[in-house]
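The values are calculated or read from the model by the stated rules, or taken from the named source; none is laboratory data. As the structure is a computational prediction, the values presented were derived from the model and not from experiment. Cβ coordinates were reconstructed from backbone atoms using ideal geometry, including for glycine residues, and neighbour counts include every protein chain displayed.
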Amino acid sequence: MKIDIMTRFERHLAEQAHIAEKYVPHYRNWVVRFYEQLGKAPDYAFNSEEKTAFLRKMGLHHEDWQVRQADQALRLYRHYLGVQAATPGAVTIDVNGAWQEAIDDMRTALRLRHCAWRTETTYLTWVGRFRAATPGKKPGDLDEDDVRQFMSHLAVRDRVSRSTQNQAFNAVLFLFRHVLDKELGDIGSAVRCGVRRRLPLVLTVQETERILGHLEGTYRIMGMVLYGGGLRLMECLRLRIKDIDMERQTITVRAGKGDKDRQTLLPERVTEDLLVHMDRVRKLYEQDRKDGVAGVELPGALARKYPNAGTDWCWQWLFPSARLSIDPRSRTVRRHHAAPAPLQRQFKLALAASGVAKPASIHTLRHSFATHLLEKGTDIRTVQDLLGHANVQTTMIYTHVAKKNVLGVRSPLDG
């Protein structure tokens, strides 16, 4: 049986793993020596501790390249065992059941921590891809090797960006910590995507005015709030009536990126238009109350603490959706805030109509807000607070694109 498994493994290396023919015997040799030292049959699904102990002992008497080759051979063999285990029958059903239970537990854990719906769907999508990359394995059998291989696969085969790879890692880390009750060890040998420092695209004040001038109605108000306050797209869409303070000319952003609250600027130019818009929203709100529509979604446990707060005017969305929808969690029919896609589409149309030859997006308005403040002499700490950056180094990137030399440095040639 041992020879049969190894022969099929050699075929797998050549046909599926694309290992050069001259290296296949070496890969087989490392696996055979590992199982001989372990004293187990070659169909035994070894764990990462057993593999680490073998490689550590190898390192005392072998070259580094040999240890790396043995490590790769054992990773491929472990993957091969997983593929062989994923055959029709009771084992597959058992694996599927274990994964379904883990996914249900993860969904519950995400909701207990009040994670956003977009975070929930994104994390569950990544866990689904992680499951597909570890065929035949139950969630409880996963370890650092599986995570390392998955991260390397994303970087090498899928060529994802570093931010995407980090997002995938955070989802898998959440699965290990809060569902499987495991801590991930060292995955330092995983291939990480390269860091590319990009300067943000920034519009001039005139270009910004031209683009906003081609937006109409509510979309124009949204654009002015986004640029005038330096908001992110979803921060703008999630604003509620109570977050607007006309007297103090401030906007309060609740549970922004990093689950942080902050205050930013409410432009005077948008105040009059915003008051007219809020009157229209008030009429829609009153019609919903007459029609018996459920109140808006409330953050955290407020819905349990104040059952009727969702029908209060102050909690209504500043930019509500024109249609009712079904809450994906509670299955309640209610009015949600406006979706991002229509605003993004209108912005692209306004960009084309303005003749501005830059690949701008909604987020470019936030970059422009920060840069224009710096160009007008606003100190960088104030800009940091308005943007909600945890580290001033993040804000410093705008000094590289500001038209005016905000750091006050002069060229020696000018001196």
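Would you point out the residue of the stretch 119-175, among those that are assigned to a loop (DSSP other than H, G, I, E, B) and of a type in the set (S, T, N, Q), that is farthest from Y77 (Cα to Cα)?
Once the filter is applied, the top-ranked residue is S161.
Yes/no per residue for (1) assigned to a helix (DSSP H, G or I); (2) modelled with pLDDT of 95 or more:
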| residue | (1), (2) |
| --- | --- |
| P328 | no, no |
| R334 | no, no |
| A341 | yes, no |
| L349 | yes, yes |
| A352 | yes, yes |
| L365 | yes, yes |
| H372 | yes, no |
| V383 | yes, no |
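Can you name the number of the only condition in (1) at pLDDT 80 or above; (2) surrounded by 12 or more Cβ atoms within 10 Å (Cβ to Cβ) that L81 fails?
It fails just one condition, (1).
When only residues in the stretch 299-342 that are surrounded by 15 or more Cβ atoms within 10 Å (Cβ to Cβ) and in contact with a Ser or Thr (Cβ under 7 Å, 6 or more places away or on another chain) count, which is nearest to D288 (Cα to Cα)?
R335
Of all the helices (runs of 4 or more DSSP H) wholly in the stretch 221-322, which have at least 3 residues that are among the basic types (K, R) and modelled with pLDDT of 95 or more?
Answer list for the stretch 221-322: 271-291.
Go through V270, V281 for me and flag whichever is over 30 Å from Q393 (Cα atoms), in contact with a strand residue (DSSP E or B) (Cβ under 7 Å, 6 or more places away or on another chain) and in the same structural domain as A341 (by TED's automatic domain parsing).
Matching residue, one of V270, V281: V281.
Can you name every residue in the stretch 106-136 that is at pLDDT 85 or above and over 20 Å from the mean Cα position of the chain (by Cα)?
Within the stretch 106-136, just T134 meets the criteria.
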